Amino acid sequence: MKTRVTEIFGIKYPIVQGGLAYLAYAELAAAVSNAGGLGQITAATLGSPEKLREEIRKVRTLTDKPFAVNFAIARHDGQYQELLEVVIEEKVSAISITGGNPQPVFERIKGKKIRTLVLVAGTRQAQKAEQLGADAVMVVGQEGGGHIGRDDIGTMVLTPRVVDSVSIPVLASGGIGDGRGLLAAFALGAEGIEMGTRFIATQECIHANKSYKQAILNSNETDTVIIKRTLGAPGRVLKSAFTLDIIEREKQGATYEDLKDIISGKANCRYIYDGNEAEGFGWVGQVIGLIDTIPTVQELFDEMIFTAEKGLSRIDNIIGARPQ
């Protein structure tokens with residue numbers, strides 16, 4: 001496949017693995033890059049510059065293909081500069097920026113030959129990212145897992161809106177988990193896709209607890225809810241007694257201070273690492289309704305490309321041959 005995304009980031013397929021807090025580490029990132037996509041490791045949840053440097057070097061023992069480092073800058077509370085210095089020193093070829101104002105990041109990496117992706121949830125954010133010098137934007141619809149936009153706009157509408165608002169390439173995200181979603185993204189004007197939830201349910205996502213993966217397989221598209229909406233930071237998670245309790249507390253007027261222990265990264269880890277559903281939660285998108293296998297990343301890519309090609313043939317048959 002050839003799009004501006006594949007050309008800019010030096011990859012075979014325009015498929016980007018999401019940042020996946022606490023899960024996007026070397027094994028998964030390398031597997032995605034080896035399969036032809038752009039794998040990522042997450043800086044925010046590694047905890048220290050030393051651990052980030054170690055993880056970057058570990059990826060390079062597993063692949064010689066391009067990969068990226070994700071900066072969920074809101075998680076850093078502004079303290080991401082040391083982590084960014086590691087990326088510069090290690091000459092990582094690309095970064096993605098989510099959850100905050102990316103301007104300071106762009107100022108620091110100016111002239112460093114680091115390619116940039118910015119996650120957005122609307123046209124204004126996309127236009128701002130383009131003005132700052134982003135190489136591409138990833139637009140996440142409300143179907144997505146983890147933190148999403150506040151306006152509840154689906155990928156089907158949001159993707160072409162953003163495509164029409166910027167001149168840089170756009171990747172679609174939210175509700176995409178197979179070759180049909182990839183083909184649909186192209187039809188909407190996107191030049192690639194980002195997937196998060198689908199990569200959790202792969203063999204190389206070794207840090208995700210088996211019960212977390214099994215829950216993704218066993219659930220359908222109605223088995224997600226949105227927490228933290230009243231805090232201005234809505235995020236989609238698996239529906240459970242724990243997450244429904246969070247929502248009920250929000251309805252009763254709970255503040256961030258009231259909720260911070262049960263919406264924290266530690267609560268997230270209690271479920272995704274330990275399988276403790278009674279005391280934790282897991283981020284997922286509505287795409288769980290389309291997931292019923294835990295393949296290797298390579299098998300996933302093979303299936304996606306085959307399905308996209310099959311879908312394209314079907315569309316050709318429906319539309320019919322056009323006179324030249």
Percent of alpha-carbon pairs separated by more than 20 Å within region 4-206: 51
Please work out the FRET efficiency for the pair residue 318 and residue 4, using the Cβ-Cβ distance as r and a Förster radius of 41 Å; give the result to the nearest 0.05. 0.90
Listed by chain and number, the residues whose amide H is under 5 Å from that of residue 38, excluding neighbours fewer than 5 places away on the same chain and using placed H, are 15, 16, 17
Residues with amide H under 5 Å from that of residue 115, placed H, sequence gap 5 or more: 94, 95
What distance in nm separates the simple spin-label points at residue 51 and residue 252, each placed 7 Å from Cα in the Cβ direction? 3.3
Projected-area average for region 29-74 over all orientations - Cα convex hull basis, square nanometres: 3.0
Each residue of region 92-104 in turn: what ³J(HN,Hα) in whole Hz from Karplus with 6.51, -1.76, 1.60 and θ = phi - 60°, glycine and Pro shown as x? 5, 7, 8, 9, 10, 10, 9, x, x, 7, x, 4, x
Taking the Cα atoms of region 1-85 alone, what are Rg (to one decimal) and Dmax (as a whole number) in Å? 12.8, 38
Distance in nm between label sites at residue 113 and residue 260, each 7 Å beyond Cα in the beta-carbon direction? 4.3
Cα-Cα pairs above 20 Å in region 92-193: how many percent? 34
Kindly provide the trypsin sites (Lys or Arg not before Pro) of region 1-49 that DSSP labels as loop, not H, G, I, E or B, and whose Cβ sees at most 14 other Cβ atoms within 10 Å. 2
When the Cα centres of region 100-131 and region 210-262 are compared, how far apart do they sit, in Å? 29
When you have a sec, figure out the Kirkwood radius of region 188-324 from all distinct Cα pair distances and drop it here in Å to one decimal? 17.1
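Tell me, in nm to one decimal, what length is gained between residue 222 and residue 101 on full extension, where the rule is 0.36 nm per residue of separation less the Cα-Cα distance?
Contour length minus the Cα-Cα distance gives 40.3 nm.
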If you take all C-alpha pairs in region 210-287, what percent of them are over 18 Å apart? 34
Additional length obtainable on full extension of the chain from residue 233 to residue 211, 0.36 nm per residue less Cα span: 5.3 nm
Ascending count of other beta-carbon atoms within 10 Å, so fewest first, for 197, 293: 293, 197
What does the convex hull of the alpha-carbon atoms of region 35-136 project to on average, in nm²? 6.4
Karplus 3J(HN,Hα) series, Hz, for region 14-24 with 6.51 cos²θ - 1.76 cosθ + 1.60 (x for Gly, Pro): x, 10, 10, 7, x, x, 6, 3, 6, 10, 8
Ranking 269, 205 by Cβ neighbours within 10 Å, fewest first, what do you get? 269, 205
GNM on the chain, Cα springs under 10 Å; top mean-square fluctuation among 216, 227, 88 goes to 88
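Since every read-out is calculated from the coordinates, none of them should be taken as a lab result. Everything quoted here is computed from the prediction, not taken from an experiment. Note that we place each Cβ from the backbone using ideal geometry, even for glycine, and neighbour counts take in every protein chain shown.
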